[in-house]
1. Would you list the strands (runs of 3 or more DSSP E) that sit entirely within the range 91-135 and hold 3 or more residues that are of a type in the set (D, E, K, R)?
2. For the range 136-170, which positions are in a loop (DSSP other than H, G, I, E, B), of a type outside the set (K, R) and within 28 Å of the chain's Cα centre (by Cα)?
3. Of the residues D366, D383, which is within 30 Å of A415 (Cβ to Cβ) and modelled with pLDDT under 80?
4. Which residues, counting only those in the range 13-56, are within 14 Å of the chain's Cα centre (by Cα), over 30 Å from I215 (Cβ atoms) and crowded, with 22+ Cβ neighbours inside 10 Å?
5. So L210 passes all but one of these: (1) modelled with pLDDT of 85 or more; (2) closer than 14 Å to L264 by Cβ. Which condition number does it fail?
6. Please determine whether any residue of the range 334-348 is surrounded by 14 or more Cβ atoms within 10 Å (Cβ to Cβ), out of contact with any His (no Cβ under 9 Å at 6 or more places or on another chain) and in a loop (DSSP other than H, G, I, E, B).
7. Please go through the range 407-441 and give me each residue that is small (G, A, S) and either more than 15 Å from S390 (Cβ to Cβ) or touching a residue at least 60 places away in the same chain (Cβ under 8 Å) (or both), ordered by number.
8. Output the residues belonging to the range 10-67 that are acidic (D, E), touching a residue at least 12 places away in the same chain (Cβ under 8 Å) and closer than 23 Å to I159 by Cβ.
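The values are calculated or read from the model by the stated rules, or taken from the named source; none is laboratory data. It should be emphasised that the depicted structure is a prediction, and the values quoted were computed from it without experimental measurement. Don't worry about glycine lacking a Cβ; one is built from the backbone with ideal geometry, like all the others, and counts go over all protein chains shown.
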Amino acid sequence: MSQFIDHVFIEVRSGDGGNGIIAWRREKYEPMGGPAGGNGGRGGHIYFEATRDINTLIDFKFKKRIEARPGERGRNKGMHGKNAEDTVVRVPIGTVIKDAETGDIIADLVLDHQRAMVAQGGRGGRGNVMLATPQMRAPHYCEPGEAGIERKLELELKILADIGVIGLPNAGKSTLLSVVSAAKPKIADYPFSTLEPQLGVIKTKSGNALVMADIPGLVEGASEGVGLGHQFLRHVERTRLLIHLVDISSEHIEQDIDTIRDELRLHSEDLAALPQLLVCNKADLVDEDDAKSIIERLKKHYKTAKNEKQKELFKGEEIMLISGATRQGVDHLIDILEEALAKLKEAQPEPAEIIFFDPKSQERPDSSFQIHRKKGVFFVEGDRAARIVSVTNMRDPDSIHHMIQVLRAMGIIDALIAEGAKTGSEVVVGQTTFSFGEEFG
């Protein structure tokens, strides 16, 4: 079973900020010491980082949810809680990160160690030391930490290669890759023996390294989901040029060529516009005179001489004859590819490192809430409301007063009254239950 995974959906949640605390100085000879509750620590951010050490998204097949650690709650003596460590998720170079709900691209990680923050950790809440004012020197309340950010993401891997090898099944793509590089793809004499993209590094005579990708065989209708190739067409999008490999012994060679070109065009016009070198493979299976005749026929049929840009790029050899089995013409093919890539890289340099900033990575859950009434009990649902109540000391009048003021500012008190809440009504917010008193009115 293939373990090459190049498209997954996952969920992430950054760490909650730690709650501030209510504390008091307890020192000898100072029984009535002032506030000493420290602030909570920041929750952990979530980053995605590209690395050369991974070449598949298979880890996310089993781990669909990633959560960062929360910040530590504040400490006594005015000390801050510890910030949580950030969570760094390693992905292959070439990973595109998208917002699964909108389809917007968050980041396209194409360089080693390139990072993108996808969810910012929550800020820590303030302790009563920070909340003290000249009017309120000893506050009996604190603030909860901010909630972490939860998102649904789509990860799509598009492998990075200089050259993409495309063609119908059994055209000899895997054989060519194994001959020109140290790659060892599965090779067999039947269609679809290659079930996933294979990468190989070609060492040229001048010492340069070219990365070649063998894309699983395309068939007619691949752009619409037929066969295997449609799963991997995205991987060709990043290549600088294409080798279109065809079996010269095929009885329908023109039809074979047109099938692949049509599928590229249907998938993406940009893909079809990439420079293509048409390479006729398996020269060892036909007579030399027949091979020359076929090459001439193809040159006339596709009128390659009219494409001046491509003609210049490949030194007038847009159609070549090779044999992967005997290495006939393979060294010359590598020379042509090296020169063509040098020209393309000169015209389009390597991408510079980009620092990605995604505004949604900092969007907090809002202060929205909902009120449901069930058997005379009022249930308030809302993240911020639950956090405010969770840090309230229900035995302390000042702390309760502060909670009421915050809930009133959020519109919750008025909404409860509008729903029919009266003195003595039972109200549930988060995990806390209390009675709706006169001070709420």
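1. Details: elements: 95-99, 105-109, 115-119.
Counting at least 3 such residues, we get no strands (runs of 3 or more DSSP E) at all.
2. Residues of the range 136-170 in a loop (DSSP other than H, G, I, E, B): 136-149, 158-162, 167-170.
Filter once more, keeping what is of a type outside the set (K, R): 136, 138-149, 159-162, 167-170.
Passing the criteria: G145, E146, A147, G148, I149, I159, L160, A161, D162.
3. Values: D383 fails: modelled with pLDDT under 80.
From the options D366, D383, the qualifying one is D366.
4. I46
5. (2)
6. Within the range 334-348 (the criterion being surrounded by 14 or more Cβ atoms within 10 Å (Cβ to Cβ), out of contact with any His (no Cβ under 9 Å at 6 or more places or on another chain) and in a loop (DSSP other than H, G, I, E, B)), the answer is no, since none of the residues qualifies.
7. At the first step, the residues of the range 407-441 found to be small (G, A, S) are 409, 411, 415, 418, 420-421, 424-425, 430, 435, 437, 441.
Matches in the range 407-441: A409, G411, A415, A418, G420, A421, G424, S425, S435, G437, G441.
8. At the first step, the residues of the range 10-67 found to be acidic (D, E) are 11, 16, 27, 30, 49, 53, 59, 67.
From the residues that got through so far, the ones that are touching a residue at least 12 places away in the same chain (Cβ under 8 Å) too are 11, 16, 49, 53, 67.
Across the range 10-67, the qualifying residues are E49, D53.
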